[in-house]
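For reference, the structure discussed in these notes is given below.
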Amino acid sequence: MKTPIRVLLPGLLLALPPVSALVAAPGPGEAPSGAFALWNGRDLSGWYGRGTEDPTLLWLMPASALQDYQNASMETLSSHWTAQNDGLQGLGTGLHLTTREEYGDFELWAEFSADTGAKAGIGLRGCPASLPEARGDDAPSATSWHALHLQLIGELLTIQLDGSDKVVESRLENPFDPTRARPAPAHGPIQLQAIGGTVRWRHLFLRPISPEEANHFLSLRASEGFTALFNGKDLTGWQGTTTGYEVKDGTFVCKPGHRGALLTTEEYGNFVLRCEFKLPPGANSGLALRAPNFGDPSREGLEIQILDQSHPKYSGKLQPTEHNGSIVGLVAAQTGYLRAPSEWNFEEVIVDGQRIEIILNGTRILQTDLSKINLLQTRKIPKGLTKKKGFIGIAGHNDPVAFRRFEVKRLADSGP
């Protein structure tokens, strides 16, 4: 009897990418192009033992203390996990088998089998994610091998089981935040789990995904209906401080020492905005929303902060609503998801009435309803708070921040 397979994934089901987004491994035990083996095929080198715990706690430990912690776990770990001839075996008790290295965006291939009553699990960036379960009444089918292929970009998780043409996508959740406001971390270890019985893992391969590849993937998701606002050649279709910006190499850049708004010539009410931006070290800029064609967008409209807040010059000087991705002066965004300076970031801004959502590099860093903000705690109320439409664009602040792939899709009026 064939073992029934159930795909259990947490979170909201999203629009599915093309099946070709996940490319199967060449063959059993063969590394896919660009991938490397997570297991050395001999022992537990490169792994340690850790439970289901917040991975951000690891970042607070000095390097020497972290190494001592990892080494101390090995004695306990070895009584629950062993390296077999063809893979790794967990007895279903004790700590999870955890990589010493941390990973951000990646593609992973693995094969797993589970005895009757046992469950295979996995932690991605240290956060548990539900996996397909192999269960059955007869031992031979319950211990058969199943091929797992997954991709994680931002918080977007896609899983393919046994080469099926059905790819399931969901969000990787952060179970360590009781408010559920903070997303899963941008990087962390991979954990192999054996729950309630013996589980075996083999043919483990990982391929890191570069920012360029991640941005390309994100640009293809639900891409219908978008209109490009930048032609890659000049500033046709833009108004405002056009002399403060220049076009070069398919991007438009704020000239050093210049500030002011570069705005569309059309107004927008409800919309989805997508763009890519690249910050030099310490640079500051912003996205203008619901702005008039005069004045400072952060006062006359709304401004979404774009800022290399990790630079030492901002240390201890920023309010929460001045962090990258925040609606300046109103709503603070979650931090830790901006890429390093000089790497391209992919940002999506959804404006639907008073609801605003910001997704950075595949992770939702802000979700708010402007009508529910406590204005008594707001020092300066921007006029865009009550506007239903306006121009969109760039709010330059003297730094040469580069933009490309600037596109918009109008949404229907959500009503009063």
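Results for (1) closer than 23 Å to ILE153 by Cα; (2) in contact with a helix residue (DSSP H, G or I) (Cβ under 7 Å, 6 or more places away or on another chain); (3) modelled with pLDDT of 95 or more, shown as yes or no for each residue.
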| site | (1), (2), (3) |
| --- | --- |
| ALA333 | yes, no, yes |
| PHE346 | yes, yes, yes |
| GLY390 | no, yes, yes |
| ALA412 | no, no, no |
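Restricting to the stretch 256-283, count the residues that are touching an Asp or Glu at 6+ places or on another chain (Cβ under 6 Å) and charged (D, E, K, R).
Looking only at that region, the number is 1.
In the stretch 310-337, what count of residues is obtained for those that are in a loop (DSSP other than H, G, I, E, B) and out of contact with any Leu (no Cβ under 6 Å at 6 or more places or on another chain)?
16
From ILE350, ILE327, which residue is among the aliphatic types (A, V, I, L, M), touching a Ser or Thr at 6+ places or on another chain (Cβ under 8 Å) and assigned by TED's automatic domain parsing to the domain that holds ALA228?
ILE327
Could you tell me which of the residues THR378, THR363 is loosely packed, with under 15 Cβ neighbours inside 10 Å, more than 19 Å from CYS254 (Cβ to Cβ), of a type in the set (S, T, N, Q) and in contact (Cβ under 8 Å) with a residue 24 or more places away in the chain?
THR378
Do we find that ARG364 is in the same structural domain as GLY282 (by TED's automatic domain parsing), touching a helix residue (DSSP H, G or I) at 6+ places or on another chain (Cβ under 7 Å) and among the basic types (Lys, Arg) in this structure?
Judged against the criteria, ARG364 is not a match.
Residue under question is ILE306, and the condition is that it be touching a strand residue (DSSP E or B) at 6+ places or on another chain (Cβ under 6 Å), β-branched (Val, Ile, Thr), under 18 Å from TYR245 (Cβ atoms) and not in a loop (DSSP other than H, G, I, E, B); does it hold?
yes
Could you look through the stretch 362-377, keep only residues that are in a helix (DSSP H, G or I) and aliphatic (A, V, I, L, M), and pick out the one that is modelled with the highest pLDDT?
LEU370
Which residues, taken from the stretch 195-231, are in contact with a Phe, Trp or Tyr (Cβ under 8 Å, 6 or more places away or on another chain) and under 22 Å from ARG100 (Cα atoms)?
VAL199, ARG200, TRP201, ARG202, HIS203, LEU204, PHE205, LEU206, ARG207, PRO208, ILE209
Would you please name the residue that is modelled with the highest pLDDT, looking only at residues in the stretch 129-175 that are over 27 Å from ASN345 (Cβ atoms) and charged (D, E, K, R)?
ASP162
Wholly within the stretch 173-269, which strands (runs of 3 or more DSSP E) include no fewer than the required count, namely at least 1 residues that are charged (D, E, K, R) and crowded, with 19+ Cβ neighbours inside 10 Å?
In the stretch 173-269, 199-208 are the strands (runs of 3 or more DSSP E) which contain 1 or more residues that are charged (D, E, K, R) and crowded, with 19+ Cβ neighbours inside 10 Å.
Out of LEU263, LEU302, which single residue is hydrophobic (A, V, I, L, M, F, W, C), at pLDDT 95 or above and touching a helix residue (DSSP H, G or I) at 6+ places or on another chain (Cβ under 6 Å)?
Selected residue: LEU302, the only one of LEU263, LEU302 that is hydrophobic (A, V, I, L, M, F, W, C), at pLDDT 95 or above and touching a helix residue (DSSP H, G or I) at 6+ places or on another chain (Cβ under 6 Å).
So which residues in the stretch 103-128 are closer than 27 Å to GLU213 by Cβ, touching a helix residue (DSSP H, G or I) at 6+ places or on another chain (Cβ under 8 Å) and in a strand (DSSP E or B)?
The one that is closer than 27 Å to GLU213 by Cβ, touching a helix residue (DSSP H, G or I) at 6+ places or on another chain (Cβ under 8 Å) and in a strand (DSSP E or B): CYS127.
Considering only residues that are touching a residue at least 24 places away in the same chain (Cβ under 8 Å), of a type in the set (Lys, Arg) and surrounded by fewer than 16 Cβ atoms within 10 Å (Cβ to Cβ), which ones fall in the stretch 310-343?
Matches in the stretch 310-343: LYS313 only.
Keeping to the stretch 32-72, report how many residues are crowded, with 17+ Cβ neighbours inside 10 Å and part of a loop (DSSP other than H, G, I, E, B).
Going through the stretch 32-72 one residue at a time, the tally reaches 5.
Suppose we filter PHE294, PHE277 for residues that are in contact with a strand residue (DSSP E or B) (Cβ under 8 Å, 6 or more places away or on another chain) and either at pLDDT 95 or above or in the same structural domain as GLU224 (by TED's automatic domain parsing) (or both); which single one remains?
PHE277
Of the conditions (1) modelled with pLDDT under 95; (2) more than 16 Å from the chain's Cα centre (by Cα), ARG221 satisfies every one except a single condition; which number is it?
For ARG221, the exception is condition (2).
Looking at ARG274, ARG299, which is the one that is in contact (Cβ under 8 Å) with a residue 12 or more places away in the chain, under 21 Å from GLY384 (Cα atoms) and part of a strand (DSSP E or B)?
ARG274
The values are calculated or read from the model by the stated rules, or taken from the named source; none is laboratory data. Keep in mind it's a predicted model, so treat the numbers as computed, not measured. Backbone-built Cβ (ideal geometry, glycine too); neighbour counts: all protein chains shown.
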